[in-house]
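Below is one structure; the comments refer to it alone.
The values are calculated or read from the model by the stated rules, or taken from the named source; none is laboratory data. This structure is a prediction, so every number in the text was calculated from the model and none was measured. Because the Cβ atoms are built from the backbone with ideal geometry, glycine has one as well, and the counts that use them run over all protein chains shown.
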Amino acid sequence: MQALIARSSGLSSILSELRYDVTSLTHPGLSSLPLVVLQSHISTFLPPESVIAAATELSGIDAFIELIDVEAMRQISDPFKLRISQLIPGQT
């Protein structure tokens, strides 16, 4: 992934527009191997264990994915929407 991002100058921009932060870091336990971290702007959380157990039992799948924090999602700014609204009189 590190090499792909280095060769594709627009890839970081595309990921940024999709609301992902792209960072590169090294971990001492991995002999300074560069790691690419993609992080979403949307916060997630794990519900209590009882909810996870009930969901996995109902679905029949032995896995659970995090849930989106809806309130945090509402707080995310949208630069594109803001730019458009600034162009429309009375929308700012």
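Looking for something in contact with a helix residue (DSSP H, G or I) (Cβ under 7 Å, 6 or more places away or on another chain) and of a type in the set (A, V, I, L, M) - is there at least one such residue anywhere in segment 19-30? Checked segment 19-30: at least one residue is in contact with a helix residue (DSSP H, G or I) (Cβ under 7 Å, 6 or more places away or on another chain) and of a type in the set (A, V, I, L, M). Being over 24 Å from Gln75 (Cα atoms), of a type in the set (A, V, I, L, M) and surrounded by 12 or more Cβ atoms within 10 Å (Cβ to Cβ) is the filter here; which residues of segment 1-51 pass it? Residues satisfying the conditions are Met1, Ile5, Ala6, Leu11, Leu35, Val36, Val51. One residue stands out among those in segment 33-92 that are closer than 30 Å to Ile5 by Cβ and basic (Lys, Arg): the one that is farthest from the chain's Cα centre (by Cα), which is Arg83.
Looking at segment 63-70, is at least one residue more than 28 Å from Ile14 (Cβ to Cβ), at pLDDT below 90 and not charged (D, E, K, R)? Within segment 63-70, one or more residues are more than 28 Å from Ile14 (Cβ to Cβ), at pLDDT below 90 and not charged (D, E, K, R).
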